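The values are calculated or read from the model by the stated rules, or taken from the named source; none is laboratory data. Because the structure is predicted, anything quoted here is derived from the model rather than measured. Positions of Cβ are generated from backbone atoms using ideal geometry, with glycine treated the same way; all protein chains shown enter the neighbour counts.
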Amino acid sequence: MDALELELKKLIETSLQLDPLPDTFDVQADLFETLGLDSVDALELAMAIRRKYGVEFNAEDDQNKSIFVNLKSLADFVRARA
């Protein structure tokens, strides 16, 4: 897990008030299935990412599902936009 993925993992924990994820959390694991997230959680996470990194999400973007699929895809999106 690289530095940004680790930061995002911690941001997920804090913004969604989850128990700490294991250090060995798979960056390819589906966030919605593995963590039981829903669309409200995705919105909370998007707002937390915007506050921390200044990255904007468009609610109408068809790519949102693929952006939030796992920690790696989320980190790749933030890297490309930050």
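Worth pointing out:
- Search result, residues across the range 3-25 that are of a type in the set (D, E), out of contact with any Pro (no Cβ under 8 Å at 6 or more places or on another chain) and at pLDDT 95 or above: E5, E7
- Positions within the range 1-37 being under 12 Å from V69 (Cα atoms) and either of a type in the set (A, V, I, L, M, F, W, C) or within 12 Å of the chain's Cα centre (by Cα) (or both), in sequence order: V27, Q28, A29, D30, L31, F32, L35, L37
- Condition check for D62 on (1) modelled with pLDDT of 95 or more; (2) out of contact with any Pro (no Cβ under 7 Å at 6 or more places or on another chain); (3) among the acidic types (D, E): one failure, at (1).
- Residues of the range 1-53 classified as under 22 Å from Q63 (Cβ atoms) and aromatic (F, W, Y), total: 2
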